[in-house]
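Structure, as structure tokens:
The values are calculated or read from the model by the stated rules, or taken from the named source; none is laboratory data. Just so we're clear, the structure is a prediction, and the values are computed from it rather than from any experiment. Note that each Cβ is placed from the backbone with ideal geometry, even for glycine, and that neighbours are counted across all protein chains shown. Areas reflect the complete protein model, heavy atoms only, side chains present, ligands, DNA and RNA absent. Shrake-Rupley method; radii C 1.70, N 1.55, O 1.52, S 1.80 Å.
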Amino acid sequence: MSQISTEVNPTPDISPTAIEPDISQLAIEDDKPVDNLISEKQQRLLTEPLYSNPGALGDRPFLVAANVGVFYGVRQPPLVPDVFLSLDVTVPQDWSEKKNRTYFVWEFGKPPDVAIEIVSNREGKELGSKLADYARIGVSYYAIFDPLQQLSSTPLQVFERHSSHYRAMAEFWLGDVGLGLTLWEGIFEGKQDRWLRWCDVSGTAILTGAELALQERQRADEERQRADEERQRADEERQRADEERQRAEQAEAKAAQLAERLRALGIDPNG
């Protein structure tokens, strides 16, 4: 595996002594729109399936979000991954408090486990300062999805953090997370394309809620079809039994008629 060095500062202090900084002047929302339709759909494809399939992460609580700021220091601007995943964290129910509406590392007690950037142009510094920044704050895995291959001929690059630097991964299984990343050709929300998706250890994509619903409908249709076939087979069996019974009755009637004619002729049919 290749190694990309990133000179980093020490990981931000998230010890209990650093838990209550003054965040009153921090801007946690800027209302900027998503930059393009590719990113908007791709972000949803990376967030919704994990909530539709919470068992994909076992029983570990998690937060997966798109375009949410990751604040790692009060005097530092936030990092805003296109998508991030943080495991073993619980999102507070009360969103009226400012500290609960974004990802403050000192509140959650850890940086996200995965950060994903979706390349829109050549100015995002995904292979430059962003790579160094995610390593510096302690993000375990960093993925760059380049659907239009603007940075290189490689549409997906995934890095794993080792000490103070990232190493490029040859396989995209994120062992500490228990999920993988895979490129998937298919239709999402009416658009045929190559998409980035979470997957299980076998490489099977984690299904969206719509795909799960379709799968359930197909399973129900198959069950109905099997039930219809069973009913049809039962009807055919009853029909065959009725026909056999009719044939037996007709044969019995013919035998009785023959016996009567023989008796009329003075012949014992049983003799």
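Within region 247-271, the set of residues being open to solvent by 100 Å² or more (accessible area, probe 1.4 Å) and in a helix (DSSP H, G or I) comprises Arg247, Glu249, Gln250, Glu252, Lys254, Gln257, Glu260, Arg261, Arg263.
When you go through Asp200, Asp176 one by one, which is the residue that is open to solvent by 100 Å² or more (accessible area, probe 1.4 Å) and at pLDDT 95 or above? Explain how you work it out, then say what you get.
Working: Asp200 fails: open to solvent by 100 Å² or more (accessible area, probe 1.4 Å).
Among Asp200, Asp176, only Asp176 is open to solvent by 100 Å² or more (accessible area, probe 1.4 Å) and at pLDDT 95 or above.
Residue under question is Ala241, and the condition is that it be within 30 Å of Leu46 (Cα to Cα) and part of a helix (DSSP H, G or I); does it hold? In short, no.
If the condition is being more than 30 Å from Ala210 (Cβ to Cβ) and either surrounded by 13 or more Cβ atoms within 10 Å (Cβ to Cβ) or modelled with pLDDT of 95 or more (or both), then region 157-168 contributes Phe159, Glu160, Arg161, Ser164, His165, Tyr166, Arg167, Ala168. Taking residues in region 57-76 that are under 12 Å from Thr102 (Cα atoms) and in contact (Cβ under 8 Å) with a residue 12 or more places away in the chain, and partners anywhere that are open to solvent by 60 Å² or more (accessible area, probe 1.4 Å) and not polar (S, T, N, Q), the pairs with Cβ atoms closer than 6 Å and at least 6 places apart or on different chains are Gly69/Val80. Taking the conditions (1) modelled with pLDDT of 95 or more; (2) at positive phi in turn, Glu189 satisfies each one other than (1).
Against the definition (open to solvent by 10 Å² or more (accessible area, probe 1.4 Å) and at positive phi), how does Gly124 come out, yes or no?
Values: open to solvent by 10 Å² or more (accessible area, probe 1.4 Å): yes; at positive phi: no.
Here the answer is no, as Gly124 does not meet what is asked.
Considering region 111-169 alone, what residues qualify as being farther than 24 Å from Asn36 by Cα and among the small types (Gly, Ala, Ser)? Correct list: Ala132, Ala135, Gly138, Ser140, Ser163, Ser164, Ala168. Might you let me know whether region 87-100 holds any residue that is at pLDDT 95 or above and open to solvent by 40 Å² or more (accessible area, probe 1.4 Å)? Yes, because at least one residue in region 87-100 is at pLDDT 95 or above and open to solvent by 40 Å² or more (accessible area, probe 1.4 Å).
Return the total of residues in region 179-197 being of a type outside the set (Asp, Glu), open to solvent by 30 Å² or more (accessible area, probe 1.4 Å) and touching a residue at least 60 places away in the same chain (Cβ under 8 Å).
So the count comes out to 1.
Residues in region 203-238 that are at pLDDT below 85 and either of a type in the set (A, V, I, L, M) or within 14 Å of Trp184 (Cα to Cα) (or both): Ala220, Ala227, Ala234.
Among the residues making up region 156-210, those that are touching a Leu at 6+ places or on another chain (Cβ under 8 Å), assigned to a loop (DSSP other than H, G, I, E, B) and among the aliphatic types (A, V, I, L, M) are Val177, Ile206.
Applying the criterion of being more than 29 Å from Asp146 (Cα to Cα) and among the hydrophobic types (A, V, I, L, M, F, W, C) to the residues of region 101-121, the residue that is surrounded by the most Cβ atoms within 10 Å (Cβ to Cβ) is Trp106.
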